[in-house]
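Below is one structure, written out as structure tokens; comments come after it.
The values are calculated or read from the model by the stated rules, or taken from the named source; none is laboratory data. Just so we're clear, the structure is a prediction, and the values are computed from it rather than from any experiment. Glycine gets a Cβ as well: all are built from the backbone with ideal geometry, and neighbour counts include every protein chain shown.
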Amino acid sequence: MLKQGSVEALRGRVAPLEMSPDDFREVGHQLIDHIADFLGSLPARRLGPGKTPAQIRTVLGDASLPENGTPADKLLEEATNLMFDHSMFNGHPRFWGYITSSAAPIGALGDLLASTVNANVGGWALSPIQSEIEAQTVRWIAELLGYPSDCGGLLVSGGNAANFVGFLAARRKKLGADVRTKGVNISSTGQPRVYCSAETHTWIEKAADQFGIGTDSIRWIATHDSQKMDLAALRQQIEQDKTNGDTPFLVVGTAGSVGVGAVDDLPRIAALCREQDLWFHVDGAYGGFAACLPDAPPELKGLNEADSIAVDPHKWLYSALEAGCALVRDPQDLLDTFEYHPTYYKFEEEQAAEEAPINYHNYGPQNSRGFRALKVWLGLRQVGKNGYIRMISDDIQLSEHLYHLVEIHPNFEAFTQNLSITTFRYVPSNLATGSDETEEYLNTLNEKLLTELQNGGEAFVSNAVIGDTYLLRACIVNFRTALEDIEALPDIVSSIGSRVDAAIRSEYLKTQA
Ligand SMILES: *Cc1c(COP(=O)(O)O)cnc(C)c1O
């Protein structure tokens with residue numbers, strides 16, 4: 001304990017973390033200069049460090065918790081070098097892995113601004129302009145998707161969290177208010193059932209597990225060859241479960257599957273849900289924003305019939321991580337799902353006389369909340385709806401062109417092209433294909449090729465598996481990718497492929513070596 005009297009030393013207190021405005025300006029300008037140089041240097045950089053976890057840890061060093069501090073300028077210099085020399089650059093024009101977009105630079109500046117003001121967007125009184133900007137962002141996202149703009153919604157950490165919000169709203173609405181107090185009680189409700197295609201992202205398992213219905217309640221509906229949900233199978237499973245006394249409550253349609261970008265027939269799923277009185281949720285984390293394109297297919301535009309939608313601004317709105325968004329048709333359903341009135345908040349009473357303010361802690365799982373919406377709002381204002389239509393359709397056009405290039409290339413087999421995802425594999429032109437043995441070899445070859453490609457730092461794609469076939473998968477959610485980047489990919493992959501093939505074929509294929 002400090003001695004009595006030492007409190008006098010705190011008059012005019014300056015804490016160790018404080019920075020004077022002049023220091024901040026100087027260090028901040030240096031940082032911004034480095035960031036601007038970095039952005040300019042991206043195309044010339046290797047995509048990633050190509051190092052093992054142990055090598056990266058060596059770079060970082062294994063110092064224990066510092067007893068004392070380091071000056072901010074030195075520290076930021078060091079952190080900047082660590083970031084710029086040892087990261088995987090998803091902002092590089094040739095990054096096409098997973099579904100991870102390049103980030104709009106304006107979002108980086110927005111994040112700096114948001115964290116400087118540091119509003120807590122859990123309560124309106126703590127974030128007056130921020131709460132209204134978030135509400136406007138949610139309305140604009142709804143407009144972009146063709147969803148009613150008086151819907152409820154909020155920004156969350158990503159697609160998983162946005163899907164969880166939809167799942168919880170469905171659970172509350174269809175299983176009843178008791179589910180919030182008594183939990184899921186199978187003896188009174190029957191076994192709850194959730195329906196989704198076999199291609200659904202793993203969030204559904206996390207949701208079923210964490211929110212008390214268990215992963216066994218998921219009905220994985222088969223897909224057609226195109227990887228879209230088989231709707232006859234869906235109907236049959238729902239009817240059979242109802243006959244057995246179970247309680248179907250939720251159908252999840254996917255607008256852009258994580259594997260190959262398949263879009264379920266959303267209008268027909270919507271009609272079935274209305275007929276069967278089920279909640280219809282759309283996972284549009286990847287493909288949802290493509291619904292803004294004037295020529296989007298009706299299966300995709302049908303996402304506007306959903307009871308809830310999850311989209312991911314950190315995917316096709318190119319917002320920096322993290323930004324997901326959940327939309328729910330009726331805002332009351334969010335309040336019914338999440339609202340409590342603790343005694344330590346008096347936000348509601350404070351403004352009771354006026355129109356009710358939006359207190360975001362009542363609309364979702366978080367309490368204190370950062371201002372994620374700013375970077376999304378800035379992007380929407382910087383380029384407008386037309387800017388997004390152009391960037392999303394350019395990504396799709398480049399992906400279609402990649403499909404064409406691998407289709408005509410003698411060393412590739414093209415598989416699928418949906419939205420901005422193209423799948424293909426390397427097949428040496430002198431390999432006699434068709435047997436189980438060569439199929440197995442091609443899987444091994446493409447897997448090893450992919451590892452080499454990812455470590456090589458020239459271009460980055462990831463993989464998909466269709467049936468028993470291992471594929472390379474390029475997903476373009478990257479506004480920096482230009483035609484010449486796409487044109488370069490086949491030769492990059494082909495030269496790695498022929499090197500790997502030459503090194504391993506005799507080991508795997510005795511007959512064709
Ligand atoms: C990316 C993705 C998710 C998960 O989103 P995160 O932002 O990674 O949490 C869920 N569903 C689909 C279809 C996705 O593409």
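Brief remarks on what is shown
- Members of region 378-426 found to be assigned to a helix (DSSP H, G or I), small (Gly, Ala, Ser) and free of Cβ contacts under 8 Å to residues at least 24 places away in the same chain, listed by number: Gly384, Gly387
- Set Lys315, Lys301: member being within 10 Å of the ligand (Cβ to nearest atom), closer than 27 Å to Asp225 by Cβ, charged (D, E, K, R) and not assigned by TED's automatic domain parsing to the domain that holds Leu471: Lys315
- Meets criteria (part of a loop (DSSP other than H, G, I, E, B), touching a residue at least 60 places away in the same chain (Cβ under 8 Å) and among the aliphatic types (A, V, I, L, M)) for Ala432: yes
- Test: residue in region 337-344 that is assigned to a helix (DSSP H, G or I), modelled with pLDDT of 95 or more and surrounded by 14 or more Cβ atoms within 10 Å (Cβ to Cβ): yes
- Inspection of region 138-152 identifies at least one residue that is crowded, with 21+ Cβ neighbours inside 10 Å, part of a helix (DSSP H, G or I) and within 16 Å of the ligand (Cβ to nearest atom).
- Residues within region 61-89 that are in contact (Cβ under 8 Å) with a residue 40 or more places away in the chain and in a loop (DSSP other than H, G, I, E, B), tallied: 3
- Hits in region 236-251 - residues which are touching a helix residue (DSSP H, G or I) at 6+ places or on another chain (Cβ under 7 Å) and either closer than 19 Å to Pro298 by Cβ or outside any strand (DSSP E or B) (or both): Ile238, Val251
So that you can scan it fast, the table gives a plain yes or no per residue for (1) more than 23 Å from Gly287 (Cβ to Cβ); (2) hydroxyl-bearing (Ser, Thr, Tyr); (3) not assigned by TED's automatic domain parsing to the domain that holds Gly287:
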residue	(1), (2), (3)
Thr337	yes, yes, no
His361	yes, no, no
Trp377	no, no, yes
Met391	no, no, yes
Asp394	no, no, yes
Gln397	no, no, yes
His404	no, no, yes
Thr416	no, yes, yes
Phe424	no, no, yes
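- Residue check: Ile99 meets all listed conditions (1) part of a loop (DSSP other than H, G, I, E, B); (2) without any contact (Cβ under 8 Å) to a residue 40 or more places away in the chain but one, namely (2).
- Positions within region 17-36 being in a helix (DSSP H, G or I) and exposed (fewer than 12 other Cβ atoms within 10 Å of the Cβ), in sequence order: Pro21, Asp22, Arg25, His29, Asp33, Ala36
- Candidates are the residues of region 158-182 that are in contact with a strand residue (DSSP E or B) (Cβ under 6 Å, 6 or more places away or on another chain) and of a type in the set (Gly, Ala, Ser); the one that is surrounded by the fewest Cβ atoms within 10 Å (Cβ to Cβ) is Gly158.
- Test: residue in region 118-127 that is among the hydroxyl-bearing types (Ser, Thr, Tyr) and either crowded, with 20+ Cβ neighbours inside 10 Å or more than 23 Å from Val376 (Cβ to Cβ) (or both): yes
- Within region 308-336, tally of residues that are in contact with a Ser or Thr (Cβ under 9 Å, 6 or more places away or on another chain), closer than 30 Å to Arg480 by Cβ and surrounded by 24 or more Cβ atoms within 10 Å (Cβ to Cβ): 13
- Unique residue being farther than 29 Å from Ile389 by Cβ, assigned by TED's automatic domain parsing to the domain that holds Val328, surrounded by fewer than 20 Cβ atoms within 10 Å (Cβ to Cβ) and within 16 Å of the ligand (Cβ to nearest atom) when the list is Ala222, Ala208, Ala198: Ala198
- Hits in region 464-513 (condition: of a type in the set (Phe, Trp, Tyr) and closer than 18 Å to Lys448 by Cα): Tyr470, Tyr508
- Test result for Lys375, basic (Lys, Arg) and surrounded by 18 or more Cβ atoms within 10 Å (Cβ to Cβ): yes
- Filter result for Gly110 (out of contact with any His (no Cβ under 6 Å at 6 or more places or on another chain) and surrounded by 14 or more Cβ atoms within 10 Å (Cβ to Cβ)): yes
- Hits in region 266-316 - residues which are part of a loop (DSSP other than H, G, I, E, B), farther than 20 Å from Leu154 by Cβ and aliphatic (A, V, I, L, M): Leu278, Leu293, Ala296
- Of all the residues in region 251-268, those that are surrounded by 24 or more Cβ atoms within 10 Å (Cβ to Cβ) and more than 15 Å from the ligand (Cβ to nearest atom) number 1.
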